[in-house]
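The values are calculated or read from the model by the stated rules, or taken from the named source; none is laboratory data. Predicted model, so just to flag it, every value in this text is computed and none were measured. Cβ placement follows ideal geometry from the backbone for every residue including glycine, while neighbour counts extend to all protein chains displayed. For accessibility, only protein heavy atoms count, side chains too; no ligands or nucleic acids. Shrake-Rupley method; radii C 1.70, N 1.55, O 1.52, S 1.80 Å.
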Amino acid sequence: MALKQISSNKCFGGLQKVFEHDSVELNCKMKFAIYLPPKAETGKCPALYWLSGLTCTEQNFISKSGYHQAASEHGLVVIAPDTSPRGCNIKGEDESWDFGTGAGFYVDATEHPWKTNYRMYSYVTEELPQLINANFPVDPQRMSIFGHSMGGHGALICALKNPGKYKSVSAFAPICNPVICPWGKKAFNGYLGADQSKWKAYDATHLVKSFPGSQLDILIDQGKDDQFLSDGQLLPDNFIAACTEKKIPVVFRLQEGYDHSYYFIATFITDHIRHHAKYLNV
């Protein structure tokens, strides 16, 4: 599959690049960002996938999180895709910020008119890794995933739905129980239809209850002053309770004074890179 390079910038000895390609799953052109650390010049490196939140593109993480130095030091290739298909000419795709463009929710839509393009789950777990493995110096056996907000939800469900595929998972302020929060209800009703039993397949709190128990250490950072936490959009307590019941190790850190922004992410991003490097560099 042909890749078109959009940009390339040297950063901490490596290269931050952005590419465009024609996606089979999403039936549109998609962009993704990829950081190639200095170690990628001489051999295959582990791959760490970042999933961004509502309204974001591939640009937010690479320009605001400050992850490059840690990724360079630990020799990790970091991939950050866009958050949804774009320009599909679907009626209503640009009407709201929390549904449609920029709000793919990392599900495979089953409802008309979204099901033709809105297949972000299959894109992130299958098409994109195959593309990365075929075109860049990564080790397909060493792959991990993390994300923020809607992307934190995406990272958790990708790891929980694919035991053994990802060596580690972490999240910043993830949407932990989307079947009962306003964002999730709106997105899932639109993409997956009115049958709420189908929603549970993309809900981390429900997925963890049937997780087969392969080793998966989960790290979650949550800002205590996050407005979406107090608004009941994130619901981490429900996820923690489900993990505790299943005896799945999760480190949950409630960070005093921090909000939902990239200032919060930038503060703790190095901890998350280290968390993943511990499992990827073995």
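A few remarks follow.
- For the range 26-57 versus the range 223-282, the gap between their alpha-carbon centres in whole angstrom: 21
- DSSP beta bridges confined to the chain are antiparallel in about 50 percent of cases.
- For the chain: accessible area per residue (Å², 1.4 Å): 40
- Estimated [θ] at 222 nm from DSSP helical runs (n ≥ 4, -39500 (n - 2.57)) normalised by residues in the chain, nearest 500: -8000 deg cm²/dmol
- Sum of side-chain charges, LEU76 neighbourhood, beta-carbon under 10 Å (Lys, Arg +1; Asp, Glu -1): +1
- For the chain, the ratio of Cα radius of gyration to the globular rule of thumb 2.2 N^0.38 Å stands at 0.93.
- Dividing the Cα radius of gyration of the range 221-282 by its Kirkwood radius returns 1.02 for Rg/Rh.
- Expressed as a whole percent, the accessible surface of the range 142-279 that belongs to carbon and sulfur atoms is 50, based on a 1.4 Å probe.
- Pairs from the list LYS10/LYS64; LYS167/LYS198; LYS115/LYS186; LYS64/LYS115; LYS115/LYS246; LYS29/LYS185 with a Cα-Cα gap above 22 Å: LYS167/LYS198; LYS64/LYS115; LYS115/LYS246; LYS29/LYS185.
- Based on Cα contacts under 8 Å between residues 6+ apart, the chain shows a relative contact order of 17 percent.
- Take every Cα pair under 8 Å whose residues are at least 6 apart in sequence, average their separation, divide by the length of the range 1-128, and the relative contact order is 24 percent.
- Label sites at GLN69 and VAL282, each approximated as a point 7 angstrom past Cα along Cα to Cβ, lie 2.8 nm apart.
- Spatial separation of Cα centroids for the range 142-216 and the range 69-141, in angstrom: 14
- Kirkwood hydrodynamic radius over Cα pairs of the range 5-47, then Stokes diffusion coefficient at 37 °C and 0.692 mPa s, in µm²/s: 284
- Packing-based order for 22-31, 182-191, 87-96, using average beta carbon neighbours within 10 Å, highest first: 182-191, 22-31, 87-96
- Screening the chain for whole DSSP H helices of 20 Å or more along their axis (Cα) with average Kyte-Doolittle hydropathy at least -0.5 returns 262-280.
- In the calculated pair-distance distribution of the range 110-251, the portion above 22 angstrom amounts to 39 percent of the Cα-Cα pairs.
- GNM result for the chain, Cα springs below 10 Å: residue of PRO163, PRO178, PRO81 fluctuating most strongly: PRO163
- Length added when fully stretched, SER8-GLN59, from 0.36 nm per residue minus Cα-Cα: 17.1 nm
- Alpha-carbon spread of the range 190-236, three principal axes, descending order, Å: 33, 33, 14
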